[in-house]
1. Every residue in segment 84-105 that is surrounded by fewer than 16 Cβ atoms within 10 Å (Cβ to Cβ) and not in a strand (DSSP E or B), please.
2. Could you check R43 against (1) surrounded by 15 or more Cβ atoms within 10 Å (Cβ to Cβ); (2) modelled with pLDDT of 90 or more and say which number it fails?
3. Scanning for something free of Cβ contacts under 8 Å to residues at least 60 places away in the same chain, surrounded by 20 or more Cβ atoms within 10 Å (Cβ to Cβ) and in a strand (DSSP E or B), does segment 135-149 turn up at least one residue?
4. Could you run through segment 45-76 and say how many residues are in contact with a Phe, Trp or Tyr (Cβ under 9 Å, 6 or more places away or on another chain), part of a strand (DSSP E or B), over 15 Å from T15 (Cβ atoms) and not aliphatic (A, V, I, L, M)?
5. Within segment 53-78, how many residues are at pLDDT below 90 and either buried (at least 20 other Cβ atoms within 10 Å of the Cβ) or farther than 24 Å from R109 by Cα (or both)?
6. Let me confirm something: among D77, D58, D115, which residue is touching a residue at least 12 places away in the same chain (Cβ under 8 Å), within 29 Å of R43 (Cα to Cα) and under 13 Å from the mean Cα position of the chain (by Cα)?
Amino acid sequence: MHATLTHHRRAAPSTATILGFISAGVPLDATPFERLGRLTVPRAYRRPGMFAFAVTGDSMTAPGGAGLPHGAYVLVDTHDLITQTGHVYAFCLPGGEYVAKRLRLHRGRPAMYSDNPTYPPAPLTPDVRRVGRIYATTLDGDTYQPVGYRPWND
């Protein structure tokens with residue numbers, strides 16, 4: 001008799017814990033995570049290991065208002081750590097501050113870019129930790145939008 005192992009795929013949670021704030025502007029002072037509540041996440045946006053941040057600042061708000069505005073919530077996929085240019089990621093800076101930035105090359109080296117052109121790029125150094133890809137955003141906790149790839153035109 002042959003034994004068969006069945007692996008049950010773990011279901012993604014239906015809610016995401018809001019772990020604190022992520023800066024989309026000037027980095028915030030490092031503070032311990034404080035749980036701000038939970039967001040109900042529609043099935044299409046559920047991921048194992050996901051969590052949420054509340055956005056502060058305007059560096060990821062593109063001209064015309066698109067992007068990650070101040071007051072929005074973002075979902076972070078902690079399993080998606082493969083950073084590719086054009087995508088938005090949550091990064092942890094050496095002082096413990098969390099920032100939302102788009103990855104792009106600057107002078108041939110990886111850098112963190114803002115969608116708002118008034119903010120300069122910052123180098124992606126080895127001491128900056130990649131937390132995960134930001135893949136969705138919501139303003140009201142009911143309606144979600146994907147946060148996708150953005151090509152760069154130099």
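1. First, pick out the residues of segment 84-105 that are surrounded by fewer than 16 Cβ atoms within 10 Å (Cβ to Cβ): 84-86, 94-96, 105.
Q84, T85, G86, P94, G95, G96 - these are the residues of segment 84-105 that are surrounded by fewer than 16 Cβ atoms within 10 Å (Cβ to Cβ) and not in a strand (DSSP E or B).
2. (1)
3. no
4. Looking only at that region, the number is 1.
5. In the first step, residues of segment 53-78 are kept if they are at pLDDT below 90; the result is 62-67.
Those left that are additionally either buried (at least 20 other Cβ atoms within 10 Å of the Cβ) or farther than 24 Å from R109 by Cα (or both): 63-67.
Qualifying residue count, segment 53-78: 5.
6. Numbers: D58 fails: under 13 Å from the mean Cα position of the chain (by Cα); D115 fails: under 13 Å from the mean Cα position of the chain (by Cα).
From the options D77, D58, D115, the qualifying one is D77.
The values are calculated or read from the model by the stated rules, or taken from the named source; none is laboratory data. Please read these numbers as outputs of a predicted model, since none were measured by experiment. Positions of Cβ are backbone-derived with ideal geometry, glycine not excepted, and every protein chain shown enters the neighbour counts.
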